[in-house]
Amino acid sequence: MKTYGQFCPLAQASQLLCERWTLIVIREFMAGSTRFSDLQRGVPLMSPSLLSSRLKLLIKSGVIEHTGESGHQNYQLTEAGKELRPVIELLGIWGHRWAQSNLNEGDLDAGLLMWDMRRSVDPSQFPKRRIVAQFEYPDAQLGNRDWWLVSEQGELDLCLKDPGFEIDLLIKCSLKTMTEIWICQKHFNDAVSAGDVIVLGDPKLSAKLQSWLRSSGLSRLGSLTPPANPARAS
């Protein structure tokens with residue numbers, strides 16, 4: 001790891017946290033990931049070897065720790081790691097306000113979007129019976145156009161292959177549109193009214209879509225937090 005050669009606490013923190021991918025990995029821990037495979041799904045463009053290297057560095061630095069036996073290890077934030085939450089949230093809020101993606105093709109990823117949805121959806125909003133919601137993204141890459149969220153007994157599962165259950169809801173839209181909704185650039189109900197999103201299926205479940213299909217946590221914080229300088233933001 002390259003250093004700044006300075007004793008300044010900011011320099012010391014920056015040389016640890018500002019390595020490529022490090023803050024994104026910490027974001028994944030704060031979103032609830034604990035296993036290597038879950039972390040990989042949140043950083044799909046990061047090679048396994050690089051992820052492993054970053055985890056070792058974070059362990060050595062006391063930001064995370066691992067538990068469990070070899071081959072079945074879980075990772076979790078230490079107290080030092082947990083203290084980074086306001087840093088991550090403030091960076092996310094700043095990014096939502098001042099550095100939003102223009103959502104060109106290179107920033108769109110159906111797998112990452114659906115994985116983020118899967119861990120953000122509140123299954124308690126569903127009836128107790130099994131509920132299956134299918135998402136269709138005609139403009140996504142082949143093999144990533146159809147996804148299924150399955151809610152059953154308080155658990156939520158994400159499938160890239162048809163689970164074989166009856167579909168309760170079918171949501172059809174472009175990948176860009178759903179990403180815009182997810183990062184609070186567009187409101188779900190407005191997109192439905194404009195015909196950008198088509199919802200088919202159980203009317204009662206459709207009416208409650210907005211209550212369980214919440215936006216990205218960091219984007220939601222960014223949209224709810226008032227600017228530090230309202231005059232500049234306007």
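The values are calculated or read from the model by the stated rules, or taken from the named source; none is laboratory data. Please read these numbers as outputs of a predicted model, since none were measured by experiment. Using ideal geometry, Cβ is built from the backbone for each residue, glycine included, and neighbour counts are taken over all protein chains shown.
Tell me, please, whether a residue that is hydroxyl-bearing (Ser, Thr, Tyr) and at pLDDT 95 or above can be found in the range 65-82. Within the range 65-82, one or more residues are hydroxyl-bearing (Ser, Thr, Tyr) and at pLDDT 95 or above.
Right, GLY62: under 18 Å from LEU218 (Cβ atoms) and not in a helix (DSSP H, G or I) or not? For GLY62, the condition - under 18 Å from LEU218 (Cβ atoms) and not in a helix (DSSP H, G or I) - is not met.
One residue is enough: does the range 11-33 have a residue meeting the conditions within 23 Å of LEU113 (Cα to Cα), among the aliphatic types (A, V, I, L, M) and at pLDDT below 95? So that I can check it myself, show each step before the final result.
Of the range 11-33, the ones within 23 Å of LEU113 (Cα to Cα) are 20-33.
Filter once more, keeping what is among the aliphatic types (A, V, I, L, M): 23-26, 30-31.
If we keep only those that are at pLDDT below 95 too, we end up with 30-31.
Yes, because at least one residue in the range 11-33 is within 23 Å of LEU113 (Cα to Cα), among the aliphatic types (A, V, I, L, M) and at pLDDT below 95.
Among the residues of the range 111-169, which ones are part of a strand (DSSP E or B), touching a helix residue (DSSP H, G or I) at 6+ places or on another chain (Cβ under 9 Å) and surrounded by 14 or more Cβ atoms within 10 Å (Cβ to Cβ)?
The answer is ILE131, ALA133, PHE135, TRP147, LEU149, SER151, GLU152, LEU156, LEU158, LEU169.
Looking across the range 128-140, the residues that are farther than 16 Å from CYS173 by Cβ and without any contact (Cβ under 8 Å) to a residue 60 or more places away in the chain come down to LYS128, ARG129, ARG130, VAL132. Close contacts from the range 193-211, counting a first residue that is small (Gly, Ala, Ser) and surrounded by 10 or more Cβ atoms within 10 Å (Cβ to Cβ) and a second that is outside any helix (DSSP H, G or I) and at pLDDT 90 or above, with Cβ to Cβ under 7 Å and a gap of 6+ residues or different chains, come to GLY201/ILE167; GLY201/ASP168; GLY201/LEU169; GLY201/LEU170; SER206/LEU169; SER206/VAL199. Residue count for the range 180-234 satisfying the condition of being farther than 21 Å from ASP122 by Cβ, more than 25 Å from the chain's Cα centre (by Cα), at pLDDT 75 or above and charged (D, E, K, R): 0. In summary, PRO86 fulfils each of the numbered conditions (1) over 14 Å from the mean Cα position of the chain (by Cα); (2) in contact (Cβ under 8 Å) with a residue 12 or more places away in the chain; (3) surrounded by fewer than 13 Cβ atoms within 10 Å (Cβ to Cβ) with the single exception of condition (2). Among the criteria (1) part of a loop (DSSP other than H, G, I, E, B); (2) within 25 Å of LEU158 (Cα to Cα), the one SER37 does not fulfil is (1).
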